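Presented below is the structure to which this report refers.
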Amino acid sequence: MEKTHLDESPRGKQLQAFNRLLDIMEELREKCPWDKKQTIESLRHLTIEETYELSDAIIRNDMSEIKKEIGDIMLHMVFYSKIASEQKSFDIADVLNSLCEKLIFRHPHIYGDTVANTEEDVKKNWEQLKLKEGNKSVLGGVPSSLPALVKAMRIQEKARGAGFDWDERAQVWEKVQEELAEFETEFNVAEQASINQEKATGEFGDLLFSLINFARFIDVNPEEALERTNLKFIDRFQYLETEAAKDGKKLQHMTLTEMDYYWNKAKKR
């Protein structure tokens, strides 16, 4: 039998790999009891988990894990499309062609006559085009189920895309100071008096929102910044636990001063 010619170019190898995944998905869906049982609904929570695992790998800058997690998410996208094709709704070709058409429509500065010389021009055009597609609000595309911190970032980015934003960084910092003062007033920090919990919660939310806004102005991703601090705290606290145990101490029997000794050692590593 004559061998089939294989395209060994990078694009050819990519297409071969994707075709291989589609073949495997077909076989698993037909023969594997677990894969046969899955529905679009049953895969949902697994997709969310895989997305967070990819996020963790990105934070750690672990390229090997990033590759693995991208693969897991890609499998889910193919899986959803396979199930939908069985329901005669759409298939993976429909998904990809729809995506291509959307990208072409939303990049008229590349595929049309629109001029966009800066990133801000592109974002403004993007939001205007989304409104033409039927979105009733610039903020309509922000998923309601997003974590609050990430949602705040997206809300602010979309508002900026519509031209609703501060002009100067100093104005944003002034707003942070204003919100901090209002929170302190509600919290009664100095007096330690009774707290109006509802108002304090509202003011704290305003303070966080303004800090996220300032982070955006200095090109800091607040979600990434907080996660890096989370990981740093975990690392130092686990060091505290390990080193204290080596000295025969248990945290529940230690004073805060004793704990601080190990905490400071962790910081100096």
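Step by step: first the residues of the range 126-171, then only those that are surrounded by 13 or more Cβ atoms within 10 Å (Cβ to Cβ) and basic (K, R), then the one that is modelled with the lowest pLDDT. Which residue is that?
K130
So, in the range 213-269, of the ones that are farther than 30 Å from A148 by Cα and of a type in the set (S, T, N, Q), which residue ends up modelled with the lowest pLDDT?
Result: Q252.
Are there any helices (runs of 4 or more DSSP H) wholly within the range 168-269 with 1 or more residues that are touching a residue at least 40 places away in the same chain (Cβ under 8 Å), and if so which? Let's see the steps before the verdict.
Values: elements: 169-187, 197-217, 222-246, 256-268.
Correct list: 169-187, 197-217, 222-246.
Please determine, by comparing only the residues of the range 36-55 that are exposed (fewer than 10 other Cβ atoms within 10 Å of the Cβ) and at pLDDT 95 or above, which one is nearest to D91 (Cα to Cα).
Top of the filtered list is E41.
Do you know which residues across the range 78-104 are hydrophobic (A, V, I, L, M, F, W, C) and loosely packed, with under 14 Cβ neighbours inside 10 Å? I'd like the intermediate steps shown before the answer.
As a first pass, look at the range 78-104 and keep what is hydrophobic (A, V, I, L, M, F, W, C): 78-79, 83-84, 90, 92-93, 95-96, 99-100, 103-104.
Scanning the range 78-104 gives A93, L96, L99, C100, L103, I104.
Looking at A93, A84 in this structure, which one is in contact (Cβ under 8 Å) with a residue 40 or more places away in the chain and farther than 24 Å from R154 by Cβ?
Numbers: A93 fails: in contact (Cβ under 8 Å) with a residue 40 or more places away in the chain.
Step by step, each of A93, A84 is checked, and only A84 is in contact (Cβ under 8 Å) with a residue 40 or more places away in the chain and farther than 24 Å from R154 by Cβ.
Do the conditions hold for I58, that is, is it surrounded by 14 or more Cβ atoms within 10 Å (Cβ to Cβ), assigned to a helix (DSSP H, G or I) and touching a Lys or Arg at 6+ places or on another chain (Cβ under 9 Å)?
On the way: surrounded by 14 or more Cβ atoms within 10 Å (Cβ to Cβ): yes; assigned to a helix (DSSP H, G or I): yes; touching a Lys or Arg at 6+ places or on another chain (Cβ under 9 Å): no.
For I58, the condition - surrounded by 14 or more Cβ atoms within 10 Å (Cβ to Cβ), assigned to a helix (DSSP H, G or I) and touching a Lys or Arg at 6+ places or on another chain (Cβ under 9 Å) - is not met.
From T47, T39, which residue is over 30 Å from I155 (Cα atoms) and in contact (Cβ under 8 Å) with a residue 12 or more places away in the chain?
On the way: T47 fails: over 30 Å from I155 (Cα atoms).
The conditions single out T39.
Can S98 be described as at pLDDT 90 or above and either part of a loop (DSSP other than H, G, I, E, B) or within 26 Å of I48 (Cβ to Cβ) (or both)? Reasoning before the result, please.
On the way: at pLDDT 90 or above: yes; either part of a loop (DSSP other than H, G, I, E, B) or within 26 Å of I48 (Cβ to Cβ) (or both): yes.
Yes.
Just to check your reading of the model, which residue among P33, P10 is at pLDDT 95 or above and either farther than 30 Å from V150 by Cβ or aliphatic (A, V, I, L, M) (or both)? First the steps, then the outcome.
On the way: P10 fails: at pLDDT 95 or above.
Just a single option satisfies the conditions, and that option is P33.
Only one residue in I104, I110 is among the β-branched types (V, I, T) and touching a helix residue (DSSP H, G or I) at 6+ places or on another chain (Cβ under 6 Å), so which one is that?
Numbers: I110 fails: touching a helix residue (DSSP H, G or I) at 6+ places or on another chain (Cβ under 6 Å).
That would be I104, the only listed residue that is among the β-branched types (V, I, T) and touching a helix residue (DSSP H, G or I) at 6+ places or on another chain (Cβ under 6 Å).
The values are calculated or read from the model by the stated rules, or taken from the named source; none is laboratory data. Predicted model only: the values in this text are computed from it and were never measured. Note that each Cβ is placed from the backbone with ideal geometry, even for glycine, and that neighbours are counted across all protein chains shown.
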